[in-house]
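Here's the structure we're looking at; comments come further down.
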Amino acid sequence: MDSPNAIATPHPILRSDYRPPAWLVPAVHLEVELDPAATRVRARLSVEPQGGTPGAPLRLDGAPGMVPERIAVDGRPLGAEEWRIEGEQLVIPLDQGAHIVDTEVVIAPEGNTQLMGLYASGGLLCTQCEAEGFRRITFFPDRPDVLSRYTVRMVADRARYPVLLANGDQTGTGDMTDGRHWAEWHDPFPKPCYLFAMVAGDLKANRDRFVTASGRSVELGIWVREADLPRTAHAMAALKASMAWDERVYGREYDLSIFNIVAVADFNFGAMENKGLNIFNSRYILADPETATDADYDAVAGVVAHEYFHNWSGNRVTCRDWFQLSLKEGFTVFRDQEFSADQGSRAVKRIEDVRVLRAAQFPEDAGPLAHPIRPDSYLEISNFYTATIYNKGAEVIRMLHTMLGAEGFRRGSDRYFDENDGTAATCEDFLRAMETANGVDLGGFRRWYGQAGTPRVRALLSHDAASGTARLSLAQIVPPTPGQPDKLPMPIPLRLALFGAESGRTLVPERVHILSEAEDSILFPAIGERPVLSINRGFSAPVVIESDRSAEDLAFLSAHDDDPFARFEAMQQLMVDTLVALIEGRPADEAAVIEAVRTTLADEALDAAFVGEAVLLPTEAFLGDQLAQVDPVAIRRAREGLRQRLGRTLEAQWRAAYAATAANGFALTPVAKGRRRLRTVALGYIAASGAADAAALALAQFEAADNMTDRYGALGVLGSMVAPERERALEGFYERYRADALVLDKWFTVQALSTREDTAEQVARLARHPDFTLANPNRLRALVGAFAANQHAFHAADGSGYRFVADMILAADPINAQTAARLVPPLGRWRRFEPMRAALMRAELERIVATPGLSRDVFEQASKSLG
Ligand code: 0A1
Ligand code: ZN
C-alpha cells in the first residue's frame, strides 16, 4: 500500500522558526506528459538567491520515495555526487547567483488515493496542491512565500483527455502524431505552488461571460461530465453574482480573461481556489431541484463565492507561512458569509453561521485540539483546516468590521490589498492596514489571534426603581486551553439594548460596548421601568453569554426583540435552560417554552424561514456542551420528551403550519425556501407528537415531492421512526438515486443520523454495503462522520460506537490520511463524559496511536486528543 503519509519522526513545525527562503523561484516551466500509471514531469526552475543565508544549498521538497530521474543545472546534467536526498528534500549545492535547475520525475496518479498532488478521479486527472501537494508532483520549495510565474505544457492522449486545463491563459494547443495532443497555459500572476492546478479529462463546459466594472470581458467555464451540465446553472449564477458583489462591496475586479471551475467526485475538502482554475468537490457545484436540497443550493452558492473571493483574499495577497492560514480563510469566510447574507435573509444566514460555529468550533476550542486562529505549532498542516481557523477566524474579522464600521473596514481592506498585492503577507500586515487606515490602535485585539478558548462573558443587569437607573455588570473569563494556562482579557464588542418589561418599549437603543477589561460596568440613567437585557445581538462576538435572565424575560425577548437574531437567541436560551433543568432533574418551565413557540408560530410578521429556525430545539450535542458532564441518555430522553409535548400541545398549530406551507410548483425564492423549511419542521413535530397518521403523512410528502428538500425532509423524519413507511421510503430513495453518488450520500447520512435505537447496528451494516467505500471522502463522511455526530448512537454505553469509528479511521488512514484524521476529534471529547465512556474512548485513541505505520495526520490528532 502506498502510504506517503506514514510518519518517520514527527517533529513539530514552529511559527517562531520562520525564516525567509534562501532561494526564490521567479519562473517555473513544467512539461507534464500525463498518464494515469506513469506521468512524466519535467520542471525547469529559474532560481535566484535571496539575501540572508548566503551559501545555503537549494532545498526542494519532494515526496517519500520520489527520485529524480535527471537533474541539470544551467543545462549541465549533475552527477550523483552533486546532489543528495535528505529526508524528503532534494538538496543541490549551488553557487550564488541565478541558475536554471531542471528535474525530471515520474509519478503515478492512479495509485494516489490520498488525493493530494496529481490524482485520478472518475476518469479525470486533476491536482490538489494546498497545503503541501505540489511536492508530490515535482521537486519544489513547497512553501507559500515562494511566488513564481508558471508556464505549463500538458501532453495527453486526445481521446481520453480531450480537455486540458491549467491556471491563467491558454497560450497554445496542438496535436502530436501519436494520438496525443498538448496545451500550453501561462499564468502571468506570481503565485505560490499551492495555487497551481491542472486538469485533464473528458469534460464539457457550461460557458458564460462576465464583463468587469472596468469593461474587461471574462470567459467563464464550469467543467463537468456531460450528463451533469444541466446541474451547473446555479453555480454559474452564483459565480457571476460573486464577481459583481466583490466589485461593489470591496472594489475588487477579476484579473484574468478566463475563470474556470472543474467539479470532481473525489475531493478531500470543499473546493480549492487555484488561480483561474478552481477545483471543486462536485457536491458544491451540482444542483437541481431533483437532487439538491435548499441547503445544498445555498452551500453551492456559498462555496462558489468563497473560492472566487480567494482570488483577492488568498491569491493576489497570499500567506507568508501556514501559521497565517486564517489571514486568507477567516477573511474569506467572512466575505462569503456577507455575500450570502446579501443574497437572502440576513437573519437566517446569521443563525445558520452561529449554529455551525457552536456545533463545530466551540467544542474544538474547549477540547484537547484547541488552538488559536494563528497557531504556534503543528505536526501536519492539513489538520489545521479547522473550524477555528475558518469560522472563528471569520468571527474575528467580523468583530473588526463591527468596531470599525463598514466604511472604516473598507478603508482598511483597501489599504491591505494595496500594500500587500503580489506578496505573501501575515495576519499582522492585515491588522496594521486596518490600524493605519483608521488611525486606531488594535493592540489588545491582537490577543484574539494568539489566545485559544471561547471567552465566557457574565452579564448581570440590575435595576434600581427608586433612582431610575440600571447597571449592567460585565465580566469576562478566557478559559485555559492546552499550552495556554493563563489568559489575558480580550476586547469583546457587545451589541446591546434594553427593553421595558412592561411597556415593551426600547429603553436603550442598540449600541456597541467594547468590554476590554476583565470586569466592567455600564450605568444607564432614566430607566423608569424594569429593563430586559438584549446582549450580543447579531452575535457580535464569538463568546458564551452567561446571564440570569428569567424564562419570562427570555420569552419576552423571543417575542419582542427588534433584532431577529436576538429573538432566536432568546428562544434558544429559554429552551436550553428548560432542557438542562429537565436533564438535571430540576424544576423546569416547560410551559414557557411551549407558549414561546406558540407565539412565534402565530406571529404573522415573521417569515417562515425564521420561524422554522426559531422553533427547533437545540441539538443533543449542543445540550451536552452546556453540561458539566455529558449524559447522552438523559439528554435524549429530556429532549425527545419536550419535543413530544411540543408536538402534542401545539398539534393543531403544527398541522396548520404544515397545511399553510404546502407548495404548488417549485421555486427557489427565499419565500418558497422558507416555507419548505417550516413545512418539514412542522412535519417533524407532528411525528414527535406520536400522531397515528404521522408516518403516512411523511410518506405522502416523500412520494408527492417535486424537489429534494421536501423529499429528503420527509425521509429525515421517517428515518427516525419505527414504521413500515420508513423502509418503503428508504428503499424507494435508494432505487431512485443509486446511480447518483451525491444523493446516495444522503441515503447513508439519514440512516446514520437516525434517533432509532438500532442505529449503530444499521450503520455497521451500511459500512458493509456494496455502495460504501473508504476511498471517496464524501461517502466516508456521509456515513462515519454523520454517525460520530449522532451523540446518542456514537456514545452507546458499551463503546461499540467508538470501536466502529476507530476501526473506520484505521481502515481509511492508509488510503486517505487527511479524511481519516478528520474523524478523530469526536473521540477526543472523552474528558466531557463519565468515567466509563471516557475510558472506552481513550482506549480507542490509544489503540489508534499504537498502530504501526500511522499517518502523521491521524497520529497528531489522536495523540493530542489523549494528552
Ligand atoms: N483553501 C481551500 C480549502 C482546501 C484546503 C486543503 C485542501 O486539500 C485537500 C483542499 C481545499 C478553501 O478554503 O476552500
Ligand atoms: Zn478558503
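Miscellaneous remarks
- Across the chain, the relative contact order, built from alpha-carbon pairs under 8 Å that are at least six residues apart, equals 9 percent.
- For region 537-638: span of alpha carbons on each principal axis (Å, largest first): 39, 30, 24
- Förster-model FRET efficiency, 22 Å R0, Val106 and Asp178, C-beta, rounded to 0.05: 0.75
- Couplings for region 513-530, taken from phi via the Karplus curve 6.51 cos²θ - 1.76 cosθ + 1.60 with θ = phi - 60°, read 10, 9, 8, 9, 9, 5, 9, 6, 8, 10, 9, 10, x, 6, 10, x, 10, 4 Hz in order; Gly and Pro are left as x.
- Comparing region 141-300 with the 2.2 N^0.38 Å rule of thumb, its C-alpha radius of gyration ratio is 1.08 (two decimals).
- Globularity index of region 243-349 is 1.07 (Cα radius of gyration / 2.2 N^0.38 Å, N = number of residues).
- Largest to smallest principal axis extent of the C-alpha atoms in region 13-284, angstrom: 57, 46, 34
- Counted residue by residue at 0.36 nm each, then reduced by the alpha carbon distance between them, the extension gain from Asp202 to Glu546 reaches 118.2 nm.
- Mean shadow area of region 456-541 over all directions, Cα convex hull, nm²: 5.9 nm²
- Dimensions of region 738-867 based on its C-alpha atoms, expressed as ranges along the principal axes with the largest first, amount to 43, 32, 18 Å.
- For region 320-450, fraction of C-alpha pairs farther apart than 17 Å, in %: 59 percent
- Start at zero, step by 5 Å, and the Cα-Cα distances of region 677-826 spread as 2, 10, 19, 21, 18, 15, 10, 5, 1, 0 percent across the bins.
- Stokes-Einstein diffusion coefficient of region 551-708, Kirkwood radius over Cα pairs, 37 °C, 0.692 mPa s, in µm²/s: 202 µm²/s
- Rg over Rh for the chain works out to 0.97, using Cα positions for both radii and the Kirkwood form for Rh.
- For the chain, the longest principal axis of the C-alpha atoms and the axis of helix 551-560 are separated by about 70°.
- Listed peptides 212-225, 99-112 appear in the order 99-112, 212-225 once ranked by packing, highest mean of other Cβ atoms within 10 Å at the front.
- For region 853-859, the Karplus equation 6.51 cos²θ - 1.76 cosθ + 1.60, evaluated at θ = phi - 60°, returns couplings of x, 4, 6, 4, 4, 6, 4 Hz by residue, with Gly and Pro reported as x.
- Taking every alpha-carbon pair within region 120-194, the share separated by more than 18 Å comes to 48 percent.
- The convex hull built on the alpha-carbon positions of region 362-521 has an orientation-averaged projected area of 12.0 nm².
- Folded to 0 to 90 degrees: helix 741-752 orientation relative to the chain principal axis, Cα: 40 degrees
- Region 595-663: mean projected area of Cα convex hull, nm²: 5.4 nm²
- Take the Cα radius of gyration of region 222-275 and divide it by 2.2 N^0.38 Å, N being the number of residues; the result is 1.29.
- Sum of -39500 (n - 2.57) over DSSP H runs of 4+, divided by residues of the chain (222 nm, nearest 500): -11500 deg cm²/dmol
Taken together, the values in this text are just the output of simple stated rules run on the coordinates, not laboratory data. It should be emphasised that the depicted structure is a prediction, and the values quoted were computed from it without experimental measurement. Quick reminder, even Gly has a Cβ in these numbers, built from the backbone with ideal geometry, and neighbours come from all protein chains shown.
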